[in-house]
Ligand SMILES: [Zn+2]
């Protein structure tokens, strides 16, 4: 009886010791694993900020004219598992390197940075978009602009439609300059993968822009601004 009681106490103490040992081990492991900081370039919007995003009732093409004139789509959405459109200037090769890239719609810069290999410089804009099938509802849509050469906006900036946000760049020496353009559903900020077996939360950019054009097909752009030296005199 006494021996078994002693044995029970010994087992209990052993188990307690093991527990302390496991706890200590876990604690040491946690200390040894460096905590990866969140990329500060990602702006995590609060529900209030999502509601306050600029309402985008019209969208234009991000390259060339508002209609996308002088551009072509070299690799459309879902071709070879592609999650976006690859927009190019009609000059071919690297002739569009450095061309302006415009905000497709009014939005807020929720990501600006280099998310990883294959992407180069990337901007993600978040837009508040009326739901065409249910007017009382609104959607959060993101437009993604990748392989940029330069940025001409800052993180967290609010931009109007047609505002220049960067310039066309190259992601590597193997590919000619082009704009990888995506349209994504939802507020989730993720660099994503560019190619996938399923569309994930990506929408066809061409189809989305056509559905949310918000302007007649024959609408002409504003007249070009006169070069300074030929501008009409403003002296009275
Ligand atoms: Zn692409």
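If the condition is being within 16 Å of the ligand (Cβ to nearest atom) and in contact with a helix residue (DSSP H, G or I) (Cβ under 6 Å, 6 or more places away or on another chain), then the stretch 182-195 contributes 183, 195.
Of all the residues in the stretch 179-197, those that are on the phi > 0 side of the Ramachandran plot and crowded, with 17+ Cβ neighbours inside 10 Å number 2.
Here's the yes/no breakdown for (1) under 19 Å from residue 182 (Cα atoms); (2) touching a residue at least 12 places away in the same chain (Cβ under 8 Å):
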residue	(1), (2)
51	no, yes
73	yes, yes
84	yes, yes
91	no, no
104	yes, yes
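For the stretch 75-89, the condition of being more than 14 Å from the ligand (Cβ to nearest atom) and farther than 19 Å from residue 202 by Cα holds for at least one residue. All of (1) more than 16 Å from the ligand (Cβ to nearest atom); (2) over 18 Å from residue 76 (Cα atoms); (3) in contact (Cβ under 8 Å) with a residue 40 or more places away in the chain hold for residue 169 with one exception: (1).
Values in this text are rule-based calculations from the coordinates and carry no lab data. Remember, predicted model here, so these are calculated numbers, not experimental data. FYI the Cβ positions are ideal-geometry reconstructions off the backbone, even for glycines, and counts take in every protein chain you see.
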